[in-house]
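K.L.:
What follows is a structure written as structure tokens; I'll ask about it next.
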Amino acid sequence: MNLPKSFLFLAILVSALSPTIVTFASLPSQRSASDLEWKVSLKFPPVDDRGAPSQTLGGGTRGSSCIDGSGIPITPLMPSKNNFGKTVAANPTLYWYIPQNTAQSGELALTDEAGNQVYLTTFKLPSTPGIIKLDLPANISLQIGKYYRWYFTMICDFQDRAQDQSVKGLLQRTEVSSSLKSQLAGVGILEQAKIYAESQIWQEALNTVAQLRREKPTEWEELLQSVGLGAIAKEPFLDCCTSDR
């Protein structure tokens with residue numbers, strides 16, 4: 001895979017993601033604190049690039065490779081068409097929806113602002129459609145304030161990469177401010193997700209709600225619907241992904 005070395009798009013991308021206010025459903029004041037926590041309507045702030053081109057890379061035409069092209073394509077769980085998300089973690093968790101496939105492997109590559117590769121791994125993919133997640137390893141530490149390009153690829157044939165299907169996106173690690181630390185201290189897990197969403201910190205909002213998906217699926221579905229990912233909100237989580245490297 002030839003990875004681009006230009007990050008000139010950053011200024012345009014970041015300017016598109018201006019801060020907005022998150023709205024939550026009003027709740028009866030007589031309910032207990034625990035009831036309120038579980039009834040919060042969780043939404044992520046809208047962004048201004050919903051009409052922008054999606055960050056899908058080349059490879060075989062959908063339907064001509066090892067990937068079923070009749071349904072939803074590979075879809076990053078990101079809040080914008082540009083697949084840009086903020087994180088406070090040194091090694092965050094990334095999520096994608098994958099269609100039915102017979103791919104030999106999945107691949108994740110991560111580059112820094114200079115285009116230098118900082119991480120590359122392959123892993124076995126499930127053949128059934130659903131949502132997968134990959135934790136960046138402990139030895140990968142994203143630097144605060146820096147941008148990182150990721151490339152997720154479904155490899156159909158290691159001997160012929162022309163049929164690969166790929167998507168790309170951008171991560172920025174942001175600092176946890178003293179105000180954010182104070183807000184997060186001593187609150188429940190769903191309230192933490194709300195606070196992350198209000199701060200436009202997508203990866204932690206998503207990952208926090210994902211932990212509750214089995215018990216509280218409504219919050220997961222509302223979060224994805226709020227960023228235009230309602231089509232995959234009910235898709236199952238798949239057992240994946242163990243790095244081969």
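The values are calculated or read from the model by the stated rules, or taken from the named source; none is laboratory data. As the structure is a prediction and not an experimental result, all values here were calculated from the model. We place every Cβ from the backbone using ideal geometry, glycine too, and count neighbours over all the protein chains shown.
K.L.:
Could you list, in sequence order, the residues of the stretch 115-138 that are among the hydrophobic types (A, V, I, L, M, F, W, C) and either buried (at least 16 other Cβ atoms within 10 Å of the Cβ) or not in a loop (DSSP other than H, G, I, E, B) (or both)?
P.N.:
Result: VAL118, LEU120, PHE123, LEU125, ILE131, ILE132, LEU134, LEU136.
K.L.:
Which count do you get for residues in the stretch 194-210 that are within 13 Å of LEU171 (Cβ to Cβ) and of a type in the set (A, V, I, L, M)?
P.N.:
2
K.L.:
Here is a follow-up. Among the residues of the stretch 204-214, are any in contact with a helix residue (DSSP H, G or I) (Cβ under 6 Å, 6 or more places away or on another chain), surrounded by fewer than 20 Cβ atoms within 10 Å (Cβ to Cβ) and acidic (Asp, Glu)?
P.N.:
No: zero hits.
K.L.:
Report the residue count in the stretch 89-111 for those that are outside any strand (DSSP E or B), surrounded by fewer than 19 Cβ atoms within 10 Å (Cβ to Cβ) and touching a Leu at 6+ places or on another chain (Cβ under 9 Å).
P.N.:
So the answer is 4.
K.L.:
Regarding the stretch 75-86, can at least one residue be identified that is part of a loop (DSSP other than H, G, I, E, B) and modelled with pLDDT of 95 or more?
P.N.:
Yes, because at least one residue in the stretch 75-86 is part of a loop (DSSP other than H, G, I, E, B) and modelled with pLDDT of 95 or more.
K.L.:
So TYR147 fits all but one of (1) farther than 19 Å from THR87 by Cα; (2) hydroxyl-bearing (Ser, Thr, Tyr); (3) at pLDDT 95 or above; what number is the exception?
P.N.:
(1)
K.L.:
Give the residues of the stretch 142-200 that are assigned to a loop (DSSP other than H, G, I, E, B), of a type outside the set (S, T, N, Q) and closer than 27 Å to GLU219 by Cα, sorted by residue number.
P.N.:
Within the stretch 142-200, GLU175, VAL176, ALA185, GLY186, VAL187, GLY188 meet the criteria.
K.L.:
Related question: Cβ-Cβ below 9 Å, separation at least six or inter-chain, first residue in the stretch 205-232 and over 20 Å from GLY188 (Cα atoms) and without any contact (Cβ under 8 Å) to a residue 60 or more places away in the chain, second of a type outside the set (A, V, I, L, M) and assigned to a helix (DSSP H, G or I): which pairs?
P.N.:
Every condition considered, the pairs that remain are GLY230/GLU221.
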